[in-house]
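Below is one structure; the comments refer to it alone.
The values are calculated or read from the model by the stated rules, or taken from the named source; none is laboratory data. Model, not experiment: these values are computed from the prediction. We place every Cβ from the backbone using ideal geometry, glycine too, and count neighbours over all the protein chains shown. Side chains included, ligands, DNA and RNA excluded: accessible areas come from the protein's heavy atoms. Shrake-Rupley method; radii C 1.70, N 1.55, O 1.52, S 1.80 Å.
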Amino acid sequence: MGAECRYEVVQAAYVKLALHALKHPSAAVNGLLVGRLVEPSSTPAVVAVVDAVPLSHHPHHLPLLPTLELALTLVEDHFATQGDGLAVVGYYHANPRRDKADLPPVAKRVGDHIFRYFPRSAVLLVDNKKLEEAVKGKSREPVIQLYTRDSSKSWREAVSDGSSQLALKEPSTNVVLADHVTTKKWEKIVDFDDHLDDISK
């Protein structure tokens with residue numbers, strides 16, 4: 001189903017998920033992607049990812065279905081009140097080690113869970129090597145890899161065939177990201193783990 005879609009990630013969502021990964025460089029971080037199906041009748045359909053909601057930097061919290069369900073419910077409720085037709089459209093994950101570039105089983109399980117609610121869901125994996133280059137201002141390439149679910153119910157990386165399924169809405173996004181790193185904006189990122197530790201966050 002995901003192969004029939006094009007995913008456009010806006011700058012705010014992209015920068016937020018990258019800053020979340022940078023805030024916890026030695027931990028696996030993850031979160032939810034919020035957006036909407038903007039052109040369902042076009043070929044391919046277009047899913048706009050307009051926000052990212054940081055969930056966790058404690059890997060042991062993520063596999064717990066009650067924690068995930070609670071986070072999904074809170075996020076869905078929050079965005080439902082805004083009346084923009086926004087919903088959870090996917091999940092993002094960053095591995096703790098720079099050299100680890102595989103989508104871990106836990107990310108696939110969370111992706112499967114979201115897929116039940118949104119059949120065009122995507123999983124974005126932060127490429128830590130590309131993130132490092134982007135932060136140094138050496139790359140304009142997206143620091144994320146797109147995974148979609150195929151007909152065999154497996155999550156596969158979307159191959160780049162010239163008509164990429166993944167696009168950054170604003171071309172200067174990595175420049176903005178590098179600027180945010182310079183000003184240490186990652187310190188303002190609060191995830192669901194932080195909220196559970198201190199509900200004032």
| request: Summarise the accessible area of the chain (1.4 Å probe, protein heavy atoms) by the percent that is carbon and sulfur. | output: 55
| note | Averaged per residue, the 1.4 Å probe accessible area of the chain, protein heavy atoms only, in Å², is roughly 50
| query | Accessible area of D127, 1.4 Å probe, to the nearest 10 Å²? | reply | 30
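What does DSSP give for region 5-197 in terms of the percent of beta bridges that are antiparallel, rounded to the nearest 5?
Given both bridge residues lie in region 5-197, the antiparallel proportion sits at roughly 65 percent.
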| said: With a 1.4 Å probe and all protein chains kept in place, how much accessible area does Y117 have, in Å² rounded to the nearest 10? | reply: 140
| query | Dipole of region 5-197 (Lys/Arg Cβ +1, Asp/Glu Cβ -1, origin at the Cα centre): which of A158, H57, Y117 lies farthest to the positive side? | reply | A158
| field | Per-residue SASA entry for E69, accessible area with 1.4 Å probe, Å² rounded to 10 | value | 60
| said: Could you give each residue of region 115-124 its phi-based ³J(HN,Hα) in whole Hz, using Karplus coefficients 6.51, -1.76, 1.60 with θ = phi - 60°, and x for Gly or Pro? | reply: 4, 4, 9, 9, x, 10, 5, 10, 10, 10
| query | Rank S139, S41 by accessible area, highest first, at a 1.4 Å probe radius? | reply | S41, S139
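How much FRET efficiency would the formula 1/(1 + (r/R0)^6) give for D99 and S41, where r is the Cβ-Cβ distance and R0 is 41 Å, rounded to 0.05?
0.45
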| message | Computed from the coordinates I sent, Cα Rg over 2.2 N^0.38 Å equals one of (i) 0.95; (ii) 3.16; (iii) 1.54. Tell me the label. | response | (i)
| query | Under a plain spin-label model, where a point goes 7 Å from the Cα along Cα-to-Cβ, how far apart in nm are D112 and T182? | reply | 4.5
